[in-house]
Amino acid sequence: MQVAKGYASVLDGPGAMGGAINLVTSKPGEPLEARAGGTLNLGRKAEYAGYNVYGVLGTKQDLWYAQASFTRNFQDHWDLPGGYAPTEGSAEDGGHRDFSRTRDWRVNAKIGFTPNAADEYSLSYTRQEGAKNAPLHVTDGASSQRNWTWPYWNIDSLYFLSKTALGDRATLRTKVYRNSFDNLLSAYDDATQTTRVKGRSFDSWYADTAWGGSARLDLDVTDADALSLAAHYRRDKHVEWQKSFATGVTEPHQTSEEDTYSLAAENRLSLAPKLDLTTGVSFDWRDLRKAQDYSSGAYIDYALSNGSAFNAQGQLTWTPDAATSAHASVSSRTRFPTLSERFSTSFGGAVSNPKLKAERATNYEIGASHRFGPVEASGAVFYAHLTNVIVAFPMTYQGTSVTQSRNLGHGDYYGAELALDAQVASWLSLGGNYTWTQRDLDDPTDSAFEPTGVPTHKAFVWADLAPLAKLHVLPNMDIASNRWTVTTDGALYYRTGSYALANLTARYELREGTSFSLGARNLFDDYYVLTDGFPASGRSFFVSFQAAY
C-alpha cells in the first residue's frame, strides 16, 4: 500500500484533494511460491469470536507469471469493554456487541506476460462477497434506531495493465477496468429484525458499475528532464430501487450515469545534482448523462449539469546525501461531488442539487528526514485551505424540513507530524510517530458545527524485542486525544474518544517464512467512544499462524 498525504501526483487521475492511497498487489518472483495462514480471534474472556484464513499460490516463469489467492473472514461478534455500563432504556446490555456479526470472502486471480525485462502485460480478476449487520446506537430511543442489515455486499473487478518500452527513452502504460458493486440494505420495524410492516421498513438495492481506462506516456526528454502525460476516462452507472413494506410497492429501477475525464502533465527536472523540481497540471471534467429518481408513482428526470476543474502542483526535493532528504510542496486539487451527494434523498430527508460544484483544497507542506547512525527521524508541517466545502443546508421543501447539499463551507487544516525509529541494540528496536492536527471549518448554516472524527493529537509507539533468536515480542501503544462527534439529530456537538490502547504480540519463527503468534488488542480493556452512541471494542485476543514456501 502506497500512501500520499496532501501531495498526490496529478497523473493518478481526478480527485486526491487531500492525498491518495494506492493499493499494489503482489506478484510471484520464484518458480513456485505458496503462502497460507490463519487467525483465531477471541473475545474478552478468551471465548471464540471469529477467524480469518488465507492462501496464496503463484509461479514465475521466464515469460509469464500467475497467482491465485483466497481469503475468508468471519466475525461472530466483538465485545464491549468491561467499563461499559448500560443506562435505563439502552439498546445494548454489554458483553457481546449485539448485531456485530460480519462475514466475507475474496478470491483473486492474476496472470502476466513478460516478453522481456522492460515490458509487462497482466490481467487480474477479484470477486468479494460479504454480509453484515449494524450495531445499534446505545442511547437513542427505539423510534430513532436504524434496524438495518446488509444481506449482501458484493464487489467484482476486472483489470488489464500494460507497460511497454518505446525505444530507450519512452514508456507507455495503460489500464482498462470494469468494477461492479451490488448491495442490499434491509430495514426492519424494530431490533428483533422479524417484522416489516411499518413505514421505516424497506429493502433498498444498489447495482453500480464503473468502467474505464487510462494511458500514460513517460518520456526522458534529457538525462535531467522527464515528462509524463496521462489521460483518464471513467463511466459510472448507478442503479437503485426500493421496496416499501408498509405499502407493498416496489419502485422501478432508477438510473444515473456520468462520465469523468482527466488530462494531466507532470515534469520532473533536475535543477542540480541534489535538487529536483516536480511540477504538474491537470484538467478534469465530468459529463452528467442521466439522473433519475422516482416519487409519487412517476419518474423524476433531474436537470443535467456538468462540471470542470483545473489542478496544479509543485514540489522541490533536496537530497544532499543518502541519509538526508527534504521537500517543500504546494498543491491545489479538487474533488467532484459524487452522484449520491448531488441526488440522494436520504430516505426523504434531503433534496437534490444537480449544480453542486467541486470542493477545493490548497495544500502546503515542508518536511525533511535524516538518519543519525542507528536513529532515523522525519517530520513535516502542513497547512490546507479548503473552499466550496459541501455542507447540508436546512430548508423546507413541499412543507417538509429537509437538507440540501451546497458549497457553502470553508476552512483551514494545519498541523505537524514527527516520526522516530531507532535500532538501539541487536535485540531491540524502538519507534514512534506523533501528529498534531487542527481543523477550523466553518459551516454558515450551523453556528455550532464542528468537524468530527479526527483527534487533535495522535501518537503511536512500538518496540521490537528479540530476547531469543527466533522470538519477537512486539508491544505497542496507540494514543489519541478526544475528537468532536455529534448526536444523531445533529443538535449537539461534543468531544469524546480519547484513548491510550496497549497492544501486545509475541511471534515465534518456527523456520524461515513460518511463524506462530499470540497477541492481545486493547490489553487494559480501555473504554472509549469515537462516534456518538457507538462504543469501540474492548480487550480481545488472537492466535495466528503463517507459513510460506
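The values are calculated or read from the model by the stated rules, or taken from the named source; none is laboratory data. Only a predicted model underlies this, so the values are computations on that prediction, with no experimental measurement involved. Glycine also receives a Cβ, built like all others from the backbone with ideal geometry; neighbour counts cover every protein chain displayed.
When each of 369, 378 is tested for being polar (S, T, N, Q), more than 26 Å from the chain's Cα centre (by Cα) and within 29 Å of residue 273 (Cα to Cα), the lone residue that passes is 369. Figure legend. Inter-residue proximity from region 221-250: first residues among the aromatic types (Phe, Trp, Tyr), second residues crowded, with 17+ Cβ neighbours inside 10 Å, beta-carbon distance below 6 Å, spacing 6+ or different chains. Indicated pairs: 233/212; 233/261; 241/205; 241/251; 245/196; 245/201.
Which condition number does residue 167 fail, the rest of (1) under 24 Å from residue 69 (Cβ atoms); (2) of a type in the set (Gly, Ala, Ser); (3) assigned to a loop (DSSP other than H, G, I, E, B) being met? Checking residue 167 against (1) under 24 Å from residue 69 (Cβ atoms); (2) of a type in the set (Gly, Ala, Ser); (3) assigned to a loop (DSSP other than H, G, I, E, B), the one that fails is (1). Has region 330-348 got any residue that is assigned to a strand (DSSP E or B), free of Cβ contacts under 8 Å to residues at least 40 places away in the same chain, within 29 Å of residue 185 (Cβ to Cβ) and not charged (D, E, K, R)? No: zero hits.
Among the residues of region 177-192, the ones that are surrounded by 16 or more Cβ atoms within 10 Å (Cβ to Cβ) and either among the aliphatic types (A, V, I, L, M) or assigned to a loop (DSSP other than H, G, I, E, B) (or both) come to 5 in all. In the condition set (1) surrounded by fewer than 14 Cβ atoms within 10 Å (Cβ to Cβ); (2) at pLDDT below 95, residue 351 is compliant with all but (1).
May I ask you to verify whether residue 451 is within 22 Å of the chain's Cα centre (by Cα) and assigned to a loop (DSSP other than H, G, I, E, B)? Yes; evaluated as a whole, the condition is true for this residue. When 216, 234, 173, 268 are checked against the criterion of being basic (Lys, Arg), closer than 30 Å to residue 347 by Cβ and surrounded by 15 or more Cβ atoms within 10 Å (Cβ to Cβ), a single residue qualifies: 234.
For residues that are of a type in the set (Gly, Ala, Ser) and within 22 Å of the chain's Cα centre (by Cα), scanning just region 459-480, find the one that is surrounded by the most Cβ atoms within 10 Å (Cβ to Cβ). Per the stated criteria, the residue is 480.
Here are 89, 83, 112: which of them is in contact (Cβ under 8 Å) with a residue 40 or more places away in the chain, in contact with a helix residue (DSSP H, G or I) (Cβ under 9 Å, 6 or more places away or on another chain) and not hydrophobic (A, V, I, L, M, F, W, C)? Step by step, each of 89, 83, 112 is checked, and only 89 is in contact (Cβ under 8 Å) with a residue 40 or more places away in the chain, in contact with a helix residue (DSSP H, G or I) (Cβ under 9 Å, 6 or more places away or on another chain) and not hydrophobic (A, V, I, L, M, F, W, C). Taking region 58-160 and the strands (runs of 3 or more DSSP E) fully enclosed by it, no element has 3 or more residues that are out of contact with any strand residue (DSSP E or B) (no Cβ under 8 Å at 6 or more places or on another chain) and surrounded by 17 or more Cβ atoms within 10 Å (Cβ to Cβ). Does residue 538 satisfy being in contact with a Phe, Trp or Tyr (Cβ under 9 Å, 6 or more places away or on another chain), buried (at least 16 other Cβ atoms within 10 Å of the Cβ), part of a loop (DSSP other than H, G, I, E, B) and at pLDDT 95 or above? Yes, satisfied. Residues considered: 272, 328, 309. Of these, the only one that is at pLDDT 95 or above, within 30 Å of residue 368 (Cβ to Cβ) and small (Gly, Ala, Ser) is 328.
Only a single criterion out of (1) aromatic (Phe, Trp, Tyr); (2) more than 30 Å from residue 307 (Cβ to Cβ); (3) without any contact (Cβ under 8 Å) to a residue 40 or more places away in the chain is not satisfied by residue 414, namely (2). Annotation for region 483-500: at least one member residue is assigned to a strand (DSSP E or B), touching a strand residue (DSSP E or B) at 6+ places or on another chain (Cβ under 9 Å) and under 30 Å from residue 517 (Cβ atoms). Of everything in region 506-532 that is touching a Pro at 6+ places or on another chain (Cβ under 8 Å) and of a type outside the set (A, V, I, L, M), the residue that is nearest to residue 544 (Cα to Cα) is 522.
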